[in-house]
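Working notes, beginning with the structure itself.
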Amino acid sequence: MLQAEGLLFNILLQLVVMIAAARAGNQLSCRLGQPGVIGEIFAGLLLGPSLFGHFFPGTSVALFGASSAAPITVISQIGVVLLMFQIGADFDFSLLKHPRNRNGAVVMAAVTTVVPWLLGFGIGQISAPVLAPHADRFIYSLFCGISLAIMAVPVLGRILREFDLAHTEIGVVAIAVAALNDVTGWVLLAGISAYATATFSPRAVGMQLTGIVLLGAITWFVLRPLVSWLLEKMPIKRGEVGANALAAIVCLIFLMAMCTYALGIFTMFGAFLSGLLFHANRPFVDAWRAQVGRFVLVFFLPVFFTYTGLRTNVLGLVGASDWAWVTGIVLAAMLGKIVPGYIASRSCGFGHRECTIFGALMNTRGLTELIVLNIGYDLGFIPRKVFTMLVIMAVVTTVMTGPLLRVLLPRAGYFRAQRVEA
């Protein structure tokens, strides 16, 4: 009993530190004109070996020691599961109804996924002998490709709200591109993860593919009408999800997460898939975001960011060689999004100044990127040093978006918003 109480004390202490640091980082980031999530990511990095763990190693071990690592890991993963449900539910495919928006979004999503993926794969092939000599070169390169290709709908959404672009044509197309990019990215990631963890026997792969197809069919033909029936029988009242409906939905999320885990493609994909079942019901989505989503953002995500920060050691990059690789990765990530985003939007009939804004928005990564990197790291195909390099890339490219928009928006006739999304 005393041992359990001691473990609980350590976990609660960790949670206090994580949540307080993330909230402070959030507010500081907002004051500096960045989305709050950027400050939360930095807070997680600063609590890890890049700062706190380096200067106070004894205190760091006592606070984030191995005794409570497993519970914190589980809490962070539950947070990711709930977040992925919210991301799936937030997708609004009605944004693609206008022909130019639809065509532009499809073209931009395709180009800004394929080009950076090829660049990332190429970097993986070139860097594998130096940075990942013990990893499978092909799978390592696949993860490098997806790391450069994927965007971040939650962070981009915050940026669009901050700059009052959410309901403009640019904002509508940009979030649609991000949605398509994320759907494509998660499908690719699921395939890469399945390929990386498969036994490669035809029977095992065949059973896995059969299971995925079967789950998709059950989701579409059984769960979709079931969810519609559930929301009809338990409608949103006064902007709140009822307790019975909430319990049923949470059980559905976790069961879907368990299904995809059983298929070897990670729990978060099941949560994301279950979120897509609810995206058409906007009253539910709004109620969920207000009732559950804010708690997820304030409680669970700081745990995830700290969990990532504890794995990231910027001070572990030593010498000109390591930082040359970082520079190369960041430049490839920027060029792979900004240039194709500009060219693709220009080809779809948008003006030069609008296209420069599209290019800047396509460069946003952040939270989704960190989820991808953690998967690759957990599977053992992204070494710790490369993990750190890619985290730096994700942070740098996301931080760039705000300053770029402040320069580009006035030139295109847009006025920068004064409020900041917390």
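The values are calculated or read from the model by the stated rules, or taken from the named source; none is laboratory data. Here the structure is a predicted model, which means the values were calculated and not measured. Heads up, the Cβs are rebuilt from the backbone with ideal geometry, glycines too, and the neighbour counts pull from every protein chain shown.
Tabulated data
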quantity: Checking A196 against (1) in contact with a Phe, Trp or Tyr (Cβ under 9 Å, 6 or more places away or on another chain); (2) touching a residue at least 12 places away in the same chain (Cβ under 8 Å); (3) within 19 Å of A89 (Cβ to Cβ), the condition it does not meet; calculated: (3)
quantity: So A257, is it in contact with a helix residue (DSSP H, G or I) (Cβ under 7 Å, 6 or more places away or on another chain), farther than 16 Å from N281 by Cβ and of a type in the set (G, A, S); calculated: yes
quantity: Search result, residues across the range 359-387 that are touching a Lys or Arg at 6+ places or on another chain (Cβ under 8 Å) and of a type outside the set (A, V, I, L, M); calculated: G359, N363, N374, Y377, R384, F387
quantity: Residue match in the range 336-355 (condition: without any contact (Cβ under 8 Å) to a residue 24 or more places away in the chain and farther than 19 Å from N103 by Cα); calculated: no
quantity: Checking T308 against (1) touching a residue at least 40 places away in the same chain (Cβ under 8 Å); (2) β-branched (V, I, T); (3) surrounded by fewer than 19 Cβ atoms within 10 Å (Cβ to Cβ), the condition it does not meet; calculated: (3)
quantity: Pairs with Cβ under 8 Å, 6+ apart, first in the range 253-271 and in contact (Cβ under 8 Å) with a residue 60 or more places away in the chain, second surrounded by fewer than 21 Cβ atoms within 10 Å (Cβ to Cβ) and outside any helix (DSSP H, G or I); calculated: G264/A198
quantity: Conditions (1) of a type outside the set (F, W, Y); (2) at pLDDT below 85; (3) surrounded by fewer than 16 Cβ atoms within 10 Å (Cβ to Cβ); (4) part of a helix (DSSP H, G or I); number of the one not met by Q418; calculated: (4)
quantity: Qualifying residue in the range 312-331 (condition: buried (at least 21 other Cβ atoms within 10 Å of the Cβ), in contact with a helix residue (DSSP H, G or I) (Cβ under 8 Å, 6 or more places away or on another chain) and assigned to a helix (DSSP H, G or I)); calculated: yes
quantity: Answer residue from the range 161-188, given it is free of Cβ contacts under 8 Å to residues at least 24 places away in the same chain and either over 15 Å from the mean Cα position of the chain (by Cα) or outside any helix (DSSP H, G or I) (or both) and is nearest to P129 (Cα to Cα) among those; calculated: G171
quantity: Residue in the range 343-355 that is surrounded by 15 or more Cβ atoms within 10 Å (Cβ to Cβ), on the phi > 0 side of the Ramachandran plot and at pLDDT below 90 present; calculated: no
quantity: Which numbered condition T312 fails, given (1) polar (S, T, N, Q); (2) within 29 Å of G122 (Cα to Cα); (3) out of contact with any Ser or Thr (no Cβ under 6 Å at 6 or more places or on another chain); calculated: (3)
quantity: Of the criteria (1) of a type in the set (K, R); (2) over 29 Å from P99 (Cα atoms); (3) modelled with pLDDT under 85, which one R411 fails; calculated: (2)
quantity: Condition check for T364: over 16 Å from F143 (Cα atoms), buried (at least 24 other Cβ atoms within 10 Å of the Cβ), out of contact with any Gly (no Cβ under 7 Å at 6 or more places or on another chain) and polar (S, T, N, Q); calculated: yes
quantity: Residue match in the range 329-339 (condition: more than 29 Å from Q14 (Cβ to Cβ), within 21 Å of the chain's Cα centre (by Cα) and among the basic types (K, R)); calculated: yes
quantity: Subset of the range 1-49 (residues that are in a helix (DSSP H, G or I) and more than 24 Å from the chain's Cα centre (by Cα)); calculated: L2, Q3, A4, E5, G6, L7, L8, F9, N10, I11, L12, L13
quantity: Some residue of the range 397-407 being under 21 Å from the mean Cα position of the chain (by Cα), surrounded by 19 or more Cβ atoms within 10 Å (Cβ to Cβ), assigned to a loop (DSSP other than H, G, I, E, B) and of a type outside the set (A, V, I, L, M, F, W, C); calculated: no
quantity: Enumeration of residues in the range 277-293 that are within 18 Å of G216 (Cα to Cα) and surrounded by 21 or more Cβ atoms within 10 Å (Cβ to Cβ); calculated: L277, F278
quantity: Extreme residue, modelled with the highest pLDDT, among residues of the range 374-396 that are of a type in the set (F, W, Y) and in a helix (DSSP H, G or I); calculated: F387
quantity: Condition check for G185: out of contact with any Cys (no Cβ under 7 Å at 6 or more places or on another chain) and within 15 Å of Q86 (Cα to Cα); calculated: no
quantity: Matching helices (runs of 4 or more DSSP H) fully within the range 50-152 where at least 3 residues are surrounded by fewer than 19 Cβ atoms within 10 Å (Cβ to Cβ) and not small (G, A, S); calculated: 57-63, 69-90, 99-131
quantity: Any pair with Cβ under 6 angstrom, 6 or more apart, that starts in the range 105-118 at a residue that is closer than 19 Å to E369 by Cβ and ends at one that is of a type in the set (D, E, K, R) and surrounded by 21 or more Cβ atoms within 10 Å (Cβ to Cβ); calculated: T112/K337; P116/K337
